[in-house]
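The block underneath contains the structure these notes are about, expressed in structure tokens.
The values are calculated or read from the model by the stated rules, or taken from the named source; none is laboratory data. Computed from a predicted model, the values in this text were never measured in an experiment. Cβ sites come from the backbone with ideal geometry, for glycine too, and all protein chains shown count toward neighbours.
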DNA sequence: ATGTATGCAAACGATTTGCAGGCGA
DNA sequence: TCGCCTGCAAATCGTTTGCATACAT
């Protein structure tokens, strides 16, 4: 099932702006901001509006065709720093956030990535998303 | 060494707004946005300015007393959704981003966290931050 | 005494919304 | 045809900056 079919089945229409957004993302080598998507999309579709890009991204994300990722810049939560790296568990229902320790398990993975990519890894962020125990008893909102 | 000493040694001054921000964060059960910190901080320090909160957070982060985390809302990069979970490697110098696969290593960790917290983990985000090979040869900016 | 830090308000930039018209199904 | 979708512009919201004053050192 291709993306057009998925969007269609979810009740969305296949339009030029949405095709453009998908085409831009398909060619992208890294995550792009809505502004970047808009700028690149205009090369194909001169009159593409920025608001439309935002709306298309919202739809495509809801349908699961596009993933919103966390960029280093412009993210705005703060916590007290704790020693070591940062690992959180976030409840997608109530928003409760728990920090946990002990990801020694990551070390092998990190070493492997360093060998494979040539990067020197200095820090990491691991965020697990799920449903906390109290929320598991409630019906979906 | 307590936080006041750390800040002081780094050349920062100990002021009422900074004490307030630290106090608010110390009591917080989850990451807070600057706006939330400001609202809570005003209970202690009536005239606290929002711009001051931003500036205090920037200083405290630079010194390592506070950590900026990535919240689900208000983060604005998009990629095509790929099957499985999301793992990225970001270069802190040039911003280059590489997606990689293979974090089976995480499964043991996730199972352990589920047992320990009662959460049901449904998704995860692993972001490694480092310096890519080309940037390792250049002098720090 | 000195220069950092503050509060306020204005500037800025990103995102969202209102609306009239267009177009996919 | 019907109503979802679009482009534009205005409104909104979060963050940063300019400036005169206050205060930590």
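Can you work out which of the residues in the range B:22-55 that are touching a residue at least 40 places away in the same chain (Cβ under 8 Å) and part of a helix (DSSP H, G or I) is farthest from DNA strand C (Cβ to nearest atom)? The qualifying residue farthest from DNA strand C (Cβ to nearest atom) is B:25. Tell me which residues, restricted to the range B:10-45, are within 13 Å of chain A (Cβ to nearest Cβ) and either over 29 Å from residue A:89 (Cα atoms) or away from DNA strand D (no atom under 13 Å from the Cβ) (or both). Residues satisfying the conditions are B:21, B:22, B:23, B:24, B:25, B:26, B:27, B:28, B:29, B:30, B:40, B:41. Confirm whether residue A:34 is at pLDDT 95 or above and surrounded by 15 or more Cβ atoms within 10 Å (Cβ to Cβ). When the stated conditions are applied, residue A:34 does not pass them.
Out of A:7, A:57, A:48, which single residue is more than 13 Å from chain B (Cβ to nearest Cβ) and at pLDDT 90 or above?
It is A:48.
The number of residues in the range A:46-68 being crowded, with 17+ Cβ neighbours inside 10 Å, within 8 Å of DNA strand D (Cβ to nearest atom) and either under 17 Å from residue A:12 (Cβ atoms) or under 12 Å from the mean Cα position of the chain (by Cα) (or both) comes to 4.
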